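Quick notes on the structure that follows.
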Amino acid sequence: MIEPTISKPMTWKQICERYPDEWVALVEIDWVNDRDFDFGTARVIGHGSRREQYEQARAWSTRYSSMGHFYTGRVRAPMTPLLFP
């Protein structure tokens, strides 16, 4: 198991550059507003696969009651739109 670590505060751009195409668990998120994804900085407490970042974040669950889990890579959507009758 990886030793629990916490990053310095970073912007989303910095997080994506440091952890490309990985899931990240974020805490101390400095939200710009409550309507969208924009935030100033956040600290990373887990990264890797979806399972790995959750396992790493679990070590911080007594300290942080709120965490954000996000993917730093490109989100892929279906090639054709889903049509419903």
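The values are calculated or read from the model by the stated rules, or taken from the named source; none is laboratory data. Being a predicted model, the structure only gives us computed values, none of them experimental. Using ideal geometry, Cβ is built from the backbone for each residue, glycine included, and neighbour counts are taken over all protein chains shown.
List of remarks:
- Region 1-14 residues that are at pLDDT 95 or above, paired with ones that are among the small types (Gly, Ala, Ser) and assigned to a loop (DSSP other than H, G, I, E, B) (beta carbon under 8 Å, 6 or more apart): Thr11/Gly40
- Flag if Asp21 is closer than 26 Å to Arg76 by Cβ, of a type outside the set (S, T, N, Q) and modelled with pLDDT under 95: no
- Inclusion of Gly73 among residues that are touching a residue at least 12 places away in the same chain (Cβ under 8 Å), surrounded by fewer than 13 Cβ atoms within 10 Å (Cβ to Cβ) and under 15 Å from Pro9 (Cβ atoms) is not warranted.
- Within region 23-41, residues that are of a type in the set (Gly, Ala, Ser) have Cβ atoms under 6 Å from residues that are part of a strand (DSSP E or B) in these pairs: Ala25/Ile45; Ala25/Gly46; Ala25/His69, counting only partners at least 6 apart in sequence or on another chain.
- Region 20-67 - residue that is in a loop (DSSP other than H, G, I, E, B) and of a type in the set (Asp, Glu) and, of those, surrounded by the most Cβ atoms within 10 Å (Cβ to Cβ): Glu22
- Subset of region 1-19 [among the basic types (Lys, Arg) and either surrounded by fewer than 10 Cβ atoms within 10 Å (Cβ to Cβ) or assigned to a loop (DSSP other than H, G, I, E, B) (or both)]: Lys8, Lys13
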